[in-house]
Structures are given as C-alpha cells and as structure tokens.
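These notes are about the structure you will find just below.
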Amino acid sequence: MEFKTFAILASDHDEAKAAESRLKKRYPHVAPEEADLIVALGGDGFMLQTLHAFMARKTPIYGLNRGSVGFLMNEYEDDRLLERLAAAEPIDLHPLRMTACDMEGVSHQALAINEVSLLRSSRFAAKIRVHVDGVLRMDEVICDGVLVATPAGSTAYNNAVHGPILPLGADLLALTPISAFRPRRWRGALLPQHTTVVFEVIDPEPRRVAASADYTEVRDVVRVEVREDRSVGPTLLFDPEHNLEERIIKEQFLP
C-alpha cells in the first residue's frame, strides 16, 4: 500500500491507549485529517466506528487488534509497522444503505458496513412483510426481528442468529430471521448483492420495531428499504497472510 503519512487512533480501552502511546513514540505520524492512511487500535467495534468516520474521505484503515474478537483487525505487534503498512493488501467494502420511515412519516437514512437489522421493541413479537425487488416474498413473518448482512458482516450478528457466512467474492447478501415463530421452518435467503429488500411492519402501533444500520438506530419504523450502495465504501487493509477472505473461510470451520 503506497502512502506518505498516517495517523494513529485508539479506542478508549486501556490496552489500546497504551499501544497508541508506544507507537506514537516510535513512528512519525500526523493528524487524522492530514493522513493518507489510518492505523486503528482497538476491537471490531472501534474499527466500525473508524470506517464510518473516514468513509467519505476514502482513507484506508489498517487495524491492529487491541480488543477481544478482532475479526476486522490484524495481529498486534510494536515492531515493523512501516513494513507491514507498505505490504498491506486492500479490500474494498460496499455498505448497505438503509432508508427507514417511522410512524411520524419521517424518513431516515444511514449506512451499514455489517448489517441492517429490525428488532421488536415491545413485549409483542414483530410481524413483518418482506418484499424483494418489488415482489412480495413473505406476507407475514412473526419474529423477534430480521436482518440483511453484507459478506463482511456475515460473521457478526448474522452468524450469531444462525445466518450463513458469506465469502467476500460471493456477491451475495444474507437475509436472516431472528427467532422466527412463524413460519417455523424459514431460515432466510441468499440474495444477489444488487437486490433491494423492503420490510413493512404490520400493526406498528402495538408491535413497535426499531431498525439499526450498524450502530445508527431508528425507533418505531413502519417501512425499511435496504440496498447496497456502491457510490461509497471504505477500504480495509490486511497483512497478506491475514486477509479478510481467509478469515471468513476459516470462521466456517471453527468448532
């Protein structure tokens, strides 16, 4: 990866802050707004936050794991940072754009690198109607919620609710129910990446539903549209031996 300057950012966790202090003493760095590249120290949550923060500027992000899971991060070490940055391989991610209309008729938009999810926010199960590219596919799903995940996000919440893990080259999105009660046997669907999915909330007054695009939440939604947005997108950097494609494949064989 060619670059002239880089910035070092860290999450608020003590381990990340300590690593930030060590690296800043060892390597020349600049302010984030002046950098050609960002080094992010933390876990996957901080990586998502950093990707969103610099998406518009299209600044590549190289993560070093100072968190827990670190699926989107490289292995941390103090040494060889400049050499590792120069050898890092880029992966372009394509976020989902959520357009959510709430009960007041207000439209909200947000981007999701991992997933767009709908979750019930009352004691009642949600009832959701599902349209795919203008075709009604599910007239009523009674559930705790439903989500659409990108390949990069398929190992996160989607995997936790038993959705499929998607290789980056699959050009697919995962449509996955969350604790579906009816129909009991529906396990979701794999959709082409250019698909537009529309969710309609049935009986939204008693059966209130919130929609989230990564960490942006909209309460009391009645309609949510989800589609891939290729006009924007962050770039992740990985060490050649620890690329995201390999991690996604490896995740499917964990006990």
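Here, each number is a calculation from the coordinates, and none is a lab measurement. Owing to the predicted nature of the structure, the values given are computational and were not obtained by experimental measurement. As a convention, Cβ positions derive from the backbone with ideal geometry for all residues, glycine included, and neighbour counts pool all protein chains shown.
For region 148-155, what does the Karplus curve 6.51 cos²θ - 1.76 cosθ + 1.60, with θ = phi - 60°, yield as ³J(HN,Hα) per residue in whole Hz, taken in order and with x for Gly and Pro?
So the J values, rounded to whole Hz, are 10, 10, 7, x, 5, x, 5, 8.
How many percent of all Cα-Cα pairs in region 96-228 sit more than 17 Å apart? It would help to have the intermediate numbers written out before the result.
Values: 4566 of 8778 pairs.
Summing the P(r) tail past 17 Å for region 96-228 gives 52 percent.
With contacts defined as alpha carbon pairs under 8 Å and 6 or more residues apart, what's the relative contact order of the chain in percent?
Over the chain, the number comes to 22 percent.
Output the relative contact order of region 96-228, whole-number percent, from Cα pairs under 8 angstrom with separation of 6+ residues.
Numbers: 359 pairs, mean separation 44.8, N = 133.
Once normalised by length, the contact order is 34 percent.
Quick one: work out the % antiparallel among DSSP beta bridges in the chain, nearest 5. List each step's numbers first, then the result.
Numbers: 56 of 69 bridges.
Among the beta bridges of the chain, antiparallel pairing accounts for roughly 80 percent.
Listing 248, 128 from the residue with the fewest other Cβ atoms within 10 Å to the one with the most, what is the order? Each step should come with its number before you reach the end.
Details: 248 20, 128 23.
Least to most surrounded, the residues fall as 248, 128.
Around residue 76, which amide H atoms from residues at least 5 apart in sequence, or from another chain, sit under 5 Å from its own amide H, with H modelled in the peptide plane?
When sequence neighbours closer than 5 places are left aside, the close amide H contacts are 65.
Based on the Cβ-Cβ distance from residue 24 to residue 231, what FRET efficiency comes out when R0 is 41 Å, to the nearest 0.05?
E(calc), rounded to 0.05, equals 0.75.
Would you mind getting me the FRET efficiency between residue 241 and residue 187? Use the beta-carbon distance for r and R0 = 35 Å, nearest 0.05.
Numbers: r = 34 Å, r/R0 = 0.98.
Calculated transfer efficiency: 0.55.
Taking the chain as a Gaussian network, where each spring joins two C-alpha atoms under 10 Å apart, which residue of 82, 191, 48 fluctuates the most?
82
Given the chain, what count of lysine pairs have C-alpha atoms under 19 Å apart, with each pair 8 or more places apart or on different chains?
4
At 0.36 nm per residue, minus the direct Cα-Cα distance, what do residue 77 and residue 132 gain on full extension? Give it in nm, one decimal, please.
Using 0.36 nm per residue and subtracting the Cα-Cα distance, I get 15.3 nm.
What FRET efficiency do you get for residue 14 and residue 215 if R0 is 25 Å and r is their Cβ-Cβ distance, rounded to the nearest 0.05?
Numbers: r = 22 Å, r/R0 = 0.88.
It comes out at approximately 0.70.
For residue 249 and residue 109 in one chain, what is 0.36 nm times their gap in residues minus the Cα-Cα distance, to one decimal in nm? Walk me through the intermediate numbers first.
Working: separation 140, 0.36 × 140 = 50.40 nm, distance 3.17 nm.
Contour length minus Cα-Cα distance gives 47.2 nm.
Under 8 Å for C-alpha pairs, at least 6 residues apart: give me the relative contact order for region 68-149, rounded to a whole percent.
So the answer I get is 20 percent.
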